[in-house]
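Notes for the one structure printed next.
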Amino acid sequence: MVVEIDVRGRQCPEPLKEVAQQIVGLAPGTEFKVLTDDLTCFLMVRRILSLNEVEITGVEDSGPIYVIYGRAPRLAGR
């Protein structure tokens, strides 16, 4: 099952917070996809995931809907 995190219609930084909260709550290895219709948000979410070593397994960046596919990380203490 792929968890969908839909932040379409919203501009950053609000979507960054929601994406982070939802990913932290996922079991390690859970696949997810983030949907946004804002290019800046797409770029920021992708960058934040990379900086936090969240595995990005694919992207759809041709618009008008941008999608980031990933896998929830194993967090320290889990």
0 to 90° range, to nearest 10: angle between helix 14-24 axis and the chain longest Cα axis: 20
Charge-dipole axis of the chain as Lys and Arg at +1 and Asp and Glu at -1 on Cβ define it, positive-most pick from GLN21, GLN11, PRO64: GLN21
Amide proton proximity set for VAL59, modelled H, under 5 Å, gap of 5+: TYR69
Karplus-derived HN-Hα couplings along region 44-53 (A = 6.51, B = -1.76, C = 1.60, θ = phi - 60°), whole Hz, x at Gly and Pro: 5, 4, 4, 5, 4, 4, 4, 4, 9, 6
Based on DSSP, what percent of beta bridges with both residues in the chain are antiparallel, to the nearest 5? 70
Simple Cβ-charge dipole of the chain, Lys/Arg +1 and Asp/Glu -1, about Cα centre, in debye nearest 20: 280
Net charge within 11 Å of LYS33 by Cβ-Cβ distance, Lys/Arg positive one each and Asp/Glu negative one each, not counting LYS33 itself? -3
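Taking the Cβ of GLY63 as the center, what net charge do the other residues with Cβ under 15 Å away carry, scoring Lys and Arg +1 and Asp and Glu -1?
Net of charged neighbours comes to -2.
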Give the peptides 51-62, 21-32, 5-16 in descending order of average Cβ contacts within 10 Å, highest first. 5-16, 21-32, 51-62
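Read-outs: derived from the displayed coordinates by stated rules, not from any lab. Computed from a predicted model, the values in this text were never measured in an experiment. With ideal geometry, Cβ positions are generated from the backbone for all residues, glycine too; neighbour counts draw on all protein chains shown.
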